[in-house]
1. Within segment 314-329, can you find the residues that are open to solvent by 60 Å² or more (accessible area, probe 1.4 Å) and either of a type in the set (D, E, K, R) or within 10 Å of V450 (Cα to Cα) (or both)?
2. Among the residues of segment 162-177, write down those that are assigned to a helix (DSSP H, G or I) and β-branched (V, I, T).
3. Of L431, L425, which residue is open to solvent by 50 Å² or more (accessible area, probe 1.4 Å), out of contact with any helix residue (DSSP H, G or I) (no Cβ under 8 Å at 6 or more places or on another chain) and outside any helix (DSSP H, G or I)?
4. Criterion first (farther than 21 Å from D81 by Cα and either modelled with pLDDT of 85 or more or hydroxyl-bearing (S, T, Y) (or both)) does G55 satisfy it?
5. Regarding segment 229-238, can at least one residue be identified that is part of a strand (DSSP E or B), of a type outside the set (A, V, I, L, M) and touching a strand residue (DSSP E or B) at 6+ places or on another chain (Cβ under 8 Å)?
6. I'd like the residue in segment 110-119 that is in contact with a helix residue (DSSP H, G or I) (Cβ under 7 Å, 6 or more places away or on another chain) and at pLDDT below 80 and, out of all such residues, is most open to solvent (accessible area, probe 1.4 Å).
7. If I filter segment 140-149 for residues that are at pLDDT 85 or above and over 29 Å from the mean Cα position of the chain (by Cα), do I get at least one hit?
8. Those residues that are part of a loop (DSSP other than H, G, I, E, B) and either open to solvent by 60 Å² or more (accessible area, probe 1.4 Å) or touching an Asp or Glu at 6+ places or on another chain (Cβ under 9 Å) (or both), I need them from segment 178-214; list them, please.
Amino acid sequence: MTENRFPSLGRPNRQELVELVRSQLQTLLQQENLQGAKALLVPVQPADIAQAIEGLPEAMQAIAFRLLSKQEAIEVYEYLDPSVQQSLIAEFKHQDVLDIVDQMPPDDRARLFDELPAKVVRRLLQQLSPEERQATALLLGYKVGTAGRLMTPEYISLKESMTIAQALERIRSLANATEIIYYLYVTDGHRHLTGTLSLRDLVMAQPEQTVSEIMTREAVFVHTDTDQEEVAQIIQHYDFVALPVVDTEQRLVGIVTVDDVIDVLQQEATEDIYTLGGVQAGGDNYFQTNLVVVARKRVVWLLVLLVTNTATAVVIQNQEAILEQVVALTFFIPLLIDAGGNVGAQSSTVVIRGLSTQEIRSKRVVGVIGREAIAGAILGLMLGTVVTVWAYFLQGNWGVALSVGISLFAISVLASVSGSALPFLFRRLGLDPALMSAPFITTAVDVLGVFIYLSVARLILQL
């Protein structure tokens with residue numbers, strides 16, 4: 001059916017398919033051909049429908065969403081961006097919203113409620129079925145960014161005394177009401193987690209065997225207050241599909257599934273990238289945030305950099321005499337500080353990434369800094385040689401050329417050491433290495449770089 005609808009594409013990749021669906025959907029809606037638009041969406045996956053709807057003009061998003069059947073709407077809604085979810089809620093009638101929200105998995109519903117105004121959340125909670133209201137209230141009671149807030153209470157638990165036949169029958173009866181059945185969890189009479197079991201092991205066992213005979217007793221788990229980033233790292237490390245979550249009394253209260261972890265990893269990566277650039281995103285969709293708010297968030301570190309970089313001007317002013325005697329030295333100041341800034345940024349990026357992924361957790365700090373210092377020296381030697389030749393070609397003065405080359409070597413080593421050492425320092429002080437490192441590395445390289453350059457030039461040129 002998909003091939004007939006898009007014969008000219010052959011085998012399009014996912015992004016091409018989504019864009020084609022979006023453009024054809026928009027055309028059909030503009031023509032008010034609702035039946036054609038509805039037929040267009042039939043063979044498309046829910047995640048792709050959600051992306052296509054997000055690309056439509058805001059006035060068309062609600063119309064396109066209403067074309068979906070109730071079950072399709074529930075599936076598609078979970079994939080939509082929170083801002084689009086909010087706008088659709090504002091457009092729908094009360095019962096339409098309730099039907100969708102009541103059928104959502106508890107963890108997805110809790111994340112949606114995090115984005116909605118408190119007044120709307122209270123109204124929706126009151127209208128949910130008692131079971132769904134209790135499940136949602138449980139998750140909302142945990143701190144944002146923890147395993148408790150991320151987990152779903154929909155899982156299958158078994159008792160050690162159950163036979164394999166009884167366990168399989170329980171799975172059949174609960175399969176439609178749980179998010180995942182590949183991993184099963186064994187509890188005692190007080191819901192304490194005692195072990196885990198895979199569906200594969202269960203199916204391969206003999207019907208008369210008991211769960212206790214084939215279960216794994218050394219279970220890997222997290223607590224409800226475990227940070228979501230640590231949860232993601234554990235699932236990634238063990239290649240789990242799901243991870244059990246227990247409370248302070250070791251009772252099983254939920255599971256975190258791999259699809260939720262992917263969202264966490266994407267969120268954390270986005271925050272790290274924004275932070276490295278000095279942009280505090282605040283968890284919002286950056287490109288849908290009000291421009292005034294965007295400017296207010298970005299101006300903070302720009303002002304810090306502006307103020308700290310005045311120190312560079314002070315150094316240059318104090319060395320005004322040498323610059324007046326050899327004006328050619330001035331031409332290479334931007335080259336040196338820019339090159340140093342780039343080297344420092346590279347070192348800080350790899351160290352911050354290593355700290356974030358815990359790749360360098362077990363390695364000695366001195367060893368990491370020393371490695372980056374050597375790398376900086378090698379880079380400085382290569383760059384310094386090239387720039388010495390280039391500076392002589394431009395100015396015809398070996399004194400100036402050597403000053404530039406030697407200074408670039410020293411600045412590269414300085415930048416590498418600063419870029420690798422400062423993230424460790426700020427982490428030790430309890431500060432965010434990604435947010436704090438950039439302005440301080442820039443300041444150190446700019447101020448000390450200019451000072452080194454003019455000092456080397458004074459020595460070589462004997463001024």
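1. E320, E324, listed by residue number.
2. The first filter runs over segment 162-177 and keeps only residues assigned to a helix (DSSP H, G or I), leaving 164-177.
Passing the criteria: I164, I171.
3. Of the residues listed, the single one that is open to solvent by 50 Å² or more (accessible area, probe 1.4 Å), out of contact with any helix residue (DSSP H, G or I) (no Cβ under 8 Å at 6 or more places or on another chain) and outside any helix (DSSP H, G or I) is L431.
4. Numbers: farther than 21 Å from D81 by Cα: no; either modelled with pLDDT of 85 or more or hydroxyl-bearing (S, T, Y) (or both): yes.
Here the answer is no, as G55 does not meet what is asked.
5. Of the residues in segment 229-238, the ones part of a strand (DSSP E or B) are none.
No, the conditions are met nowhere in segment 229-238.
6. Selected residue: E115.
7. Filtering segment 140-149 for residues at pLDDT 85 or above gives 140-149.
Applying the additional criterion that residues be over 29 Å from the mean Cα position of the chain (by Cα) yields none.
There is no residue in segment 140-149 that is at pLDDT 85 or above and over 29 Å from the mean Cα position of the chain (by Cα).
8. Taking segment 178-214 and keeping what is part of a loop (DSSP other than H, G, I, E, B), we get 178-182, 188-191, 205-209.
T178, E179, I180, Y182, D188, G189, H190, R191, A205, Q206, P207, E208, listed by residue number.
The values are calculated or read from the model by the stated rules, or taken from the named source; none is laboratory data. In this text the structure is predicted, and so the values were computed from the model without any measurement. We place every Cβ from the backbone using ideal geometry, glycine too, and count neighbours over all the protein chains shown. Just so you know, the surface numbers come from the protein's heavy atoms only, side chains and all, with ligands and any DNA or RNA stripped out. Shrake-Rupley method; radii C 1.70, N 1.55, O 1.52, S 1.80 Å.
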